[in-house]
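Heads up: the structure comes next, in structure tokens.
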Amino acid sequence: DMDRVIQLLSGSSVYALEEELRNGFITLSGGHRVGITGKAVLEGGKIKTLKYLSCCNIRISREIKGCGDEVLPHIIDRRRHTIYHTLLLSPPGCGKTTILRDLVRQISNGVPALNFHGLNVGLVDERSEIAGSYQGVPQKDVGVRTDVLDGCPKAEGMMMLLRSMAPGVIAADEIGRKEDVDALEEVLNAGVKILITAHGVSPADLAERPGLRRIIKAKMIERYVILGRSRGVGSVEDIIDGRTMRSLGV
């Protein structure tokens, strides 16, 4: 059964997926992702690929338009006609990527009800989960002013967008590595707004991680959106002002 699943996932060409297997997952058209486990093949102390594939976890990507409506009024800076530097955080499986996608769509298109005109958004979609691009064309609605870098590592992608696409906002999913944070600091110093996600339960939890500690303690993030499951997946548990660290009373 597993052999048949892998053949279907890879279009009968497992060798073409070596780069993705190195990361432990395969991304399918539409943004769906299949986690894979097996025996790691090492080269120079680093994972080259996986063999003897034994288990898979199929994650179906869902597009839920409007799921970011509760968050939007709190992250839009109406006075400056932009957004606040925003970080969405939660444990895995609480809807960060789905809400991020909808926020990108609405910030890109504009929100007439909030008298907010759209901004150019640069989206680094490293795992092809947000825009679900297929042959360079997003399969999900990420807005009319959104430029997508598909399958590109976040750190490199943020710098490419900053240099070439004149973004008002740069968005990325699951920030955590030191090189990601170094690139974020360059974006922040250039005056471009950031919209990112990270695994965690609170800003204090993120501040304990070496990679994120600098931007958390320097109060570079202006809004923390904490997601959970209290009222179902994607529940907005709290929104915190990153400068005062006070709840905005959501």
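The fraction of all Cα pairs in the chain landing in successive 10 Å bins from 0 to the largest distance is 7, 30, 35, 20, 7, 1, given as whole percents. Estimated translational diffusion coefficient (Stokes-Einstein, Kirkwood radius over Cα pairs, 20 °C, 1.002 mPa s) of the range 1-142: 124 µm² per second. Please find, in a Gaussian network model of the chain (springs between Cα atoms separated by less than 10 Å), the residue of Ile107, Ile130, Ile64 whose mean-square fluctuation is greatest. The residue that fluctuates most here is Ile64. The Kirkwood hydrodynamic radius of the range 162-250, based on inverse pair distances between different Cα atoms, is 13.9 Å.
In sequence order, the range 232-238 has phi-based couplings of x, 4, x, 5, 7, 7, 6 Hz under the Karplus curve 6.51 cos²θ - 1.76 cosθ + 1.60, θ = phi - 60°, and Gly or Pro positions carry x. Across the accessible surface of the range 76-226, with the other protein chains kept in place and a 1.4 Å probe, carbon and sulfur atoms take up 50 percent. Where a Cα-Cα gap under 16 Å defines reach, which lysines qualify for Lys39, not counting those fewer than 8 residues away within the same chain? Within reach: Lys48, Lys51. What the phi angles of the range 144-153 give under the Karplus curve with 6.51, -1.76 and 1.60, with θ = phi - 60°, is a coupling list of 7, 10, 9, 9, 10, 9, 8, x, 9, x Hz, glycine and proline written as x. In order along the range 64-75, the Karplus-derived 3J(HN,Hα) couplings, from 6.51 cos²θ - 1.76 cosθ + 1.60 at θ = phi - 60°, round to 10, 5, x, 5, x, 4, 5, 7, 3, x, 8, 10 Hz, and Gly and Pro are given as x.
Just the projected area, averaged over all directions, of the convex hull on the alpha carbon atoms of the range 100-216: how many nm²?
Working: hull surface 29.5 nm².
If you wrap the Cα atoms of the range 100-216 in a convex hull and average its projections, you get 7.4 nm².
Extension gain for Val201 to Glu156 (0.36 nm times residue separation, less C-alpha to C-alpha distance): 13.5 nm. Summarising the label geometry, the points placed 7 Å from Cα in the beta-carbon direction at Ser54 and Tyr15 lie 2.6 nm from one another.
Subtracting the Cα-Cα distance of Lys39 and Glu208 from their residue separation scaled by 0.36 nm leaves 57.7 nm.
In the neighborhood of Thr49, defined by Cβ-to-Cβ distances under 15 Å, what is the net charge if each Lys or Arg adds +1 and each Asp or Glu adds -1?
Summing Lys and Arg as +1 and Asp and Glu as -1 gives +1.
For the range 75-169, the Stokes-Einstein estimate of translational diffusion at 10 °C and a viscosity of 1.306 mPa s comes to 115 µm²/s, using the Kirkwood hydrodynamic radius over alpha-carbon pairs. Simple rule: put +1 on each Lys or Arg Cβ and -1 on each Asp or Glu Cβ in the chain, find the dipole, and look at Gly122, Leu9, Ile47; the Cα lying farthest toward the positive end is Gly122. Packing order of peptides 223-235, 49-61, 189-201, highest average first: 189-201, 223-235, 49-61 (average count of other Cβ atoms within 10 Å over each peptide's residues).
Can you tell me the accessible area per residue over the range 109-250, all protein chains present, probe 1.4 angstrom, in square angstrom?
Values: 6550 Å² over 142 residues.
Spelled out: the 1.4 Å probe surface of the range 109-250, per residue, equals 46 Å².
Computed from label points 7 Å out along Cα-Cβ, the spacing between Asp3 and Arg177 is 3.5 nm.
The values are calculated or read from the model by the stated rules, or taken from the named source; none is laboratory data. Source: prediction; values computed, not measured. Please note: Cβ atoms are built from the backbone with ideal geometry, for glycine as well, and neighbour counts cover all protein chains shown. Side chains are part of the model used for accessible areas, which takes the heavy atoms of the whole protein and leaves out ligands, DNA and RNA. Shrake-Rupley method; radii C 1.70, N 1.55, O 1.52, S 1.80 Å.
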